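This report refers to the structure that appears directly beneath it.
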Amino acid sequence: MLYSLSGNQAEMEQSILDGAMLAVHQINSRGGVLGSDIQVAIYDDHSEVSSTARGVNHLCTTENVDAIVGGYTSAARLALTPAIHANASLLMYPTYFEGEETDSRIFYCGAAPNQYIADYLAWIAGTLGRRVYVVGSDYIYPRVLAEAIRRLAGSLGIEIVGDRYAPLGETRFESIIDDIDRVRPDVVVCNLVGADSTTAFYTQHHLVGLTPDTVPIAATVTTELDLAHMPTEVSDGHYMVATYFSELSSPVNDTFRRDLAQVRGQRWSHAAQIGAFNAVHALALAAEQAQSLDVDALSRALIGIRFEDNPEGAPFYFRANHYSSHPSYVGRAAGGKYEVIADFAARQPDPWWSGSRPPAPVAPPAGRLADA
């Protein structure tokens, strides 16, 4: 497990680790994998992207791990990928992200943009309005997602009336809020990342008199973990899209939430945490199917497994391109949680939504995975 367990990403990434560790507990309580308990090595990169590659090297060479479940931000994933290849290891990346890549040594356990943003935008256009203002943190995920929104806007009759970015961790949004107040869009699509930024933005939006009835916020990253940092009068009535919400009603999710609280003491649940939970279960199923912990054997077997107890509400499995299948939902904030008000059937992933395609693969040496 490779996560930021200290520093500014610690709260979020600890909650993701808790999802992975719950899966470990469940599997071991049923007899483990290939007759042995799963053993876990954990590396804390201290919320420093420069430490992620060092973490991969430590886990692979010192701890002799068979696979890594970890990473959260796209910057971390990009930083650790060369080390995954150098160590001939396997990465299970837990969270939804911007897509635009495929890699033979990465399995993407969260959704690609086409699996959540297309249905969300259509719902926004039909429910909240077509004049859209986009706000995001200034790094790869929000900027690529904003490009996806621009490409989809025309077909949905959406007009992008503003597009602004702020540094990660920014808490001063006066100029952006003033511009939103001046433009008066129908809705703000918010791709801000991190509790500091989301809390500040939602609060300042509220303080100038903008409300869910006048200019609602439709987020893509504001989880219930972020809502916990805001007064409910600030967050209530705003929207979020996700492949999972804690309030989904099903026996599988009820069991997950109960076990998460009892085993890990974790109150909050969200999509990236589910991705880590599914990742560990998928690895266990693949190892049993392959009857091996060899990285190449695991990779081949992962394409054929189905995890039925996915709390998202649909079986979890991978496509040949290493992306996974997901439904999506729209939630409305109420009392620090999201009430599910719309749901969309699982979409198959299309990582190359922009129309670009990866370069043709080069044949790998015998016995090794192709490096896409």
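The values are calculated or read from the model by the stated rules, or taken from the named source; none is laboratory data. Just so it is clear, the structure is predicted and the values come from calculations on it, not from any experiment. Positions of Cβ are generated from backbone atoms using ideal geometry, with glycine treated the same way; all protein chains shown enter the neighbour counts. Just so you know, the surface numbers come from the protein's heavy atoms only, side chains and all, with ligands and any DNA or RNA stripped out. Shrake-Rupley method; radii C 1.70, N 1.55, O 1.52, S 1.80 Å.
A few notes on this one:
- Debye log10 I(q)/I(0) at q = 0.24, 0.25, 0.32 Å⁻¹ for region 233-283, Cα point scatterers: -1.03, -1.08, -1.31
- Förster radius 25 Å - calculated FRET efficiency between A41 and A228 (Cβ-Cβ, nearest 0.05): 0.25
- Divided by 2.2 N^0.38 Å, where N counts the residues, the Cα radius of gyration of region 1-109 comes to 1.03.
- For region 283-359, taking Cα atoms only, Rg and Dmax work out to 16.4, 48 Å respectively.
- For region 83-128, the percent of C-alpha pairs falling in each 5 Å distance bin, counted from 0 to the bin holding the largest distance, reads 5, 19, 21, 17, 14, 8, 7, 5, 3, 2.
- When region 102-173 is reduced to its Cα atoms, the Kirkwood hydrodynamic radius in Å: 13.7 Å
- The residues of region 1-138 expose on average 33 square angstrom of accessible surface per residue, using a 1.4 Å probe on protein heavy atoms.
- Rg and Dmax [Cα atoms of region 49-105; Å; Rg one decimal, Dmax integer]: 10.6, 32
- All Cα pairs of region 34-168, percent lying beyond 26 Å: 37 percent
- Projected label distance in nm at E308 and A261, using a 7 Å step from Cα toward the beta-carbon: 2.7 nm
- Per-selection Kirkwood Rh - region 184-249 (Cα, Å, 1 d.p.): 12.0 Å
- In the chain, the alpha-carbon atoms span a convex hull of 123 Å³ per residue.
- Ellipsoid equivalent to region 132-246 - semi-axes via the Cα gyration tensor, in Å: 19, 16, 14
- One chain, two ends: E147 and A320. Fully extended at 0.36 nm per residue, the span grows by 59.7 nm beyond their Cα-Cα distance.
- Once you divide the Cα radius of gyration of region 178-321 by 2.2 N^0.38 Å, the number left is 1.34.
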